[in-house]
Amino acid sequence: MSTTDFLFQGIIRAFELIISLNPYILSITGVSIKVSGTATILATLTAIPLAFILAFLHFRGKQALIALINTGMGLPPVFVGLFLWIMLVPAGPLGFLRMIFTQEAMIVAQYILITPIITGVSLAAIKAVPKPLIETVYTLGGDQKDAVITTIKEARFGIITAILAGLGRALAEVGAILIVGGNIARTGSIGGIGEGLSETRTLTTAITSETSKAEISTAIALGIILISLVLTVNILANFFQKRD
Amino acid sequence: MDELFRIKDLSMAFGEKVVLENIDLTIRRGEILAIIGPSGSGKTTLLRILNFFEKPTCGSMKFDGMDIREINDIRRRMSLLFQTPAIFNTSVFDNVAYGLKVRGVDKKAIEKKVGVALSIVGLSGMEKQKACTLSGGEAQRMAFARAIVYDPEILLLDEPTASLDPANVAKIEDIIRRVRDELGTTIIIATHNIPQVRRIADRVGILLDGVLIEVNDKEKIFAAPDDARSEAFIKGEMVY
Ligand SMILES: Nc1ncnc2c1ncn2[C@@H]1O[C@H](COP(=O)(O)OP(=O)(O)OP(=O)(O)O)[C@@H](O)[C@H]1O
Ligand SMILES: [Mg+2]
C-alpha cells in the first residue's frame, strides 16, 4: 500500500467513524466540550466583573493586577499543567482534594489559562468605548450605574469576542490537560479501532495518543471534529468583531 | 434679571499649563450668552467646568444661590452639548430618550417628549433609524434634541455649528432661539463664529488666552467695546 493510499484509506475510515457516531469518538468530543465549556463559563463569570472593576475603580495594586493578567495571557499551558500537577498529586499540598486525573482538574487548568485572556480582551473592549460617550451619560443626568450599563451595551460585541477567544483557546489547548487529566479512557472489551469510552481524554490529548499508536483514521476523525469546533468558534468571533 | 450661575475668581491649570485665569462671570436666567475666543483660548474647558467634568484649580461657583455640593443634582438641571457629539449605538429614539429614562420618566411621557424634541430639531419620523447612520447635520440636531428633551434650565453649547453647512447652521440657530423663547432656557454658547454671535446672542464674553477680557451686552460689544483687544478680535484683525 502506497502512502497516499494509506492516507486515503485513513480519511475514508475517519468519515465512517464520524458518520456512524462512534461511541469512543463521541465520548471524547463530549469530554472536550464539557471541560472547555465549563472552564469558559467559570472564567467568564470571573473575568467580566474583573474587567469592569479594573476599568471603573481605582484601588491600590491595580497596576500589579493588570501586569499579572497580561502575563497570564501568555502563560505556557505546560507550565500551568506542571504547577497544578505538583499541587494536586497525592503527596502535594492539595493532594487531599483527590482531584488529579479528573475532569475537574482539567477544568481548573483551563480556567487558569483562559481567565486572563477573557479579562484582558474584555478590558480592551471596555476601554475602547469612547470617553465622550461616557461623559454624555453623565451630562444627560446618568450616574455611575448608568455609565456601566452603557459601557456593557457599547462593548458587548467585544466582550462576546473575548469569551469566544477563551473558548477557542481552551478547546485547542493540550499541554495542561494532558498533564493534570492523564488522557484516560476505559478501553473496550475487544480493544479494536474506535472502542472504549473517554474519562479524561479530549480531542487534543486523544490526537496525540492515537497518532503515537499509529491509529491514523481515529486521529484524523478527531482532528476533523476539533477543527470544525474551533472553526465554528472563530467564525462566530469574526461575526461579532465585524458588528462592532 | 436674576442670576442663575455665578463664577468668581476661577482659575484652571492642567499641570503647569494655566488655561483659565481669574474668571468672573455671572450668568443670568433666560439669557443667551456667547463665549467667543480663538482656538485654544479655553472655551471648552470653561463649559466643562460649568458641567463639573473638570474641577477648577481655585475659585468659587454658585448655582441658583447654592454652593456646589451635590454635583449630580445640579448636573441634572443642565445639559452640555459637546463640540463633537458622541452617539449611543442605538436608535434615534433611544438616544433622545436617554435623559428621560435615567430620570425614571414613564413610557407614555417619554414618547411624547421625544416626539416634541424631534419635531423642534426637524427630525420627526426618524425615531427608528439607527443613530450611527445619521448624516453629520442630522446627528448634531439629534444630539441637540437629546440635550433639551428633559427641559434643562441651562444649556451649554460647545460650537454647535462648527462642522455644519449653512442650511444646518441656520436650522440650529433657529432652534437655539426657539428653545430660549419658548422654554425660557438659559443658554451659553461657545463659538468663534462672530456673525453667529451677532445673530443670536444677548450678551458676549470675550476669552483670550484664558482671560475673560470683557463681558458686555451684544450691542455694546459690537458698537463700542471697552477693551481695544475686543474690537480687534471682533473685526478679525487679531492674528493667531
Ligand atoms: N485635559 C487637558 N490636559 C492638558 N491640557 C488641556 C486639557 N484640556 C484642554 N487643555 C488645553 O487647554 C487649552 C484650552 O483648550 P480648550 O479646549 O478649552 O480650547 P477652546 O477654546 O475650546 O478651543 P477650540 O476653539 O479649538 O475648541 C488648550 O491649550 C488645550 O491644549
Ligand atoms: Mg473647544
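Nothing in this text is a laboratory measurement; each read-out follows from the coordinates by a stated rule. Because the structure is a prediction, the values reported are computed rather than measured. Neighbour counts are summed over all protein chains in view; Cβ atoms, including those assigned to glycine, are modelled from backbone coordinates with ideal geometry.
Please list the three semi-axes, largest first and in whole Å, of the ellipsoid equivalent to segment A:3-243, using sqrt of 5 times the eigenvalues of its alpha carbon gyration tensor.
Numbers: eigenvalues 320, 100, 32 Å².
Semi-axes, largest first: 40, 22, 13 Å.
Placing pseudo-labels 7 Å out from each Cα toward the beta carbon at B:SER163 and B:ARG199 gives an inter-label distance of 2.0 nm.
Applying a length cut-off of 27 Å (Cα extent along the axis) and a mean Kyte-Doolittle floor of 0.0 to the DSSP H helices of chain A leaves A:23-56, A:103-127, A:144-172, A:216-243.
Couplings 3J(HN,Hα) of segment B:66-78, computed from phi: 9, 6, 7, 10, 7, 3, 4, 5, 6, 4, 5, 9, 9 Hz, in residue order, whole Hz [Karplus 6.51 cos²θ - 1.76 cosθ + 1.60, θ = phi - 60°; x for Gly and Pro]. Extension gain, B:ALA223-B:ASP181: 0.36 nm per intervening residue step, less the Cα-Cα distance, totals 12.6 nm. Restricting attention to the protein assembly as shown, close to 55% of DSSP beta bridges with both partner residues there are antiparallel.
Plugging the Kirkwood radius over Cα pairs into Stokes-Einstein for segment A:84-195, at a temperature of 4 °C and a viscosity of 1.567 mPa s, what D comes out in µm²/s? Can you show the working numbers first?
Numbers: Rh = 17.3 Å.
Answer, rounded: 75 µm²/s.
With everything on Cα atoms, drop me the angle between helix B:92-101 and the longest principal axis of chain B, reported from 0 to 90° to the nearest 10. With rounding to tens, the tilt is 70 degrees.
Between the helical axis of B:166-183 and the longest alpha-carbon principal axis of chain B there is an angle of about 90 degrees.
With contacts defined as alpha carbon pairs under 8 Å and 6 or more residues apart, what's the relative contact order of segment B:133-203 in percent? After rounding, I find 37 percent.
For the segment B:72-85, counting C-beta atoms of other chains within 10 Å of every residue's C-beta and taking the mean gives 3. Rounded to the nearest 10 degrees, the inclination of helix B:107-120 to the longest alpha-carbon principal axis of chain B is 50 degrees. Taking the average, over residues, of other Cβ atoms within 10 Å as the packing measure, peptides B:172-185, A:62-75 rank B:172-185, A:62-75 from highest down.
Based on the Kirkwood approach, the hydrodynamic radius assigned to segment B:86-151 is 11.3 Å, with every pair of different Cα atoms included. Just how many % of Cα pairs in the protein assembly as shown lie over 42 Å apart, if you round to the nearest whole percent? Summing the P(r) tail past 42 Å for the protein assembly as shown gives 41 percent.
Using just its DSSP H runs of length 4 or more, each adding -39500 (n - 2.57), chain A gives a mean residue ellipticity at 222 nm of -25500 deg cm²/dmol after division by all residues. In percent, rounded to a whole number, the relative contact order of chain B is 27, using alpha-carbon pairs under 8 Å and six or more apart. Over chain B, the reciprocal of the mean inverse Cα-Cα separation, the Kirkwood hydrodynamic radius, stands at 18.5 Å.
Under the combined filter of DSSP loop state and at most 16 neighbouring Cβ atoms within 10 Å, segment A:160-244 retains these trypsin sites (Lys or Arg not before Pro): A:LYS213. Helix-only arithmetic for chain B: the sum of -39500 (n - 2.57) across DSSP H runs with n ≥ 4, divided by the residue total, places the mean residue ellipticity at 222 nm at -10500 deg cm²/dmol.
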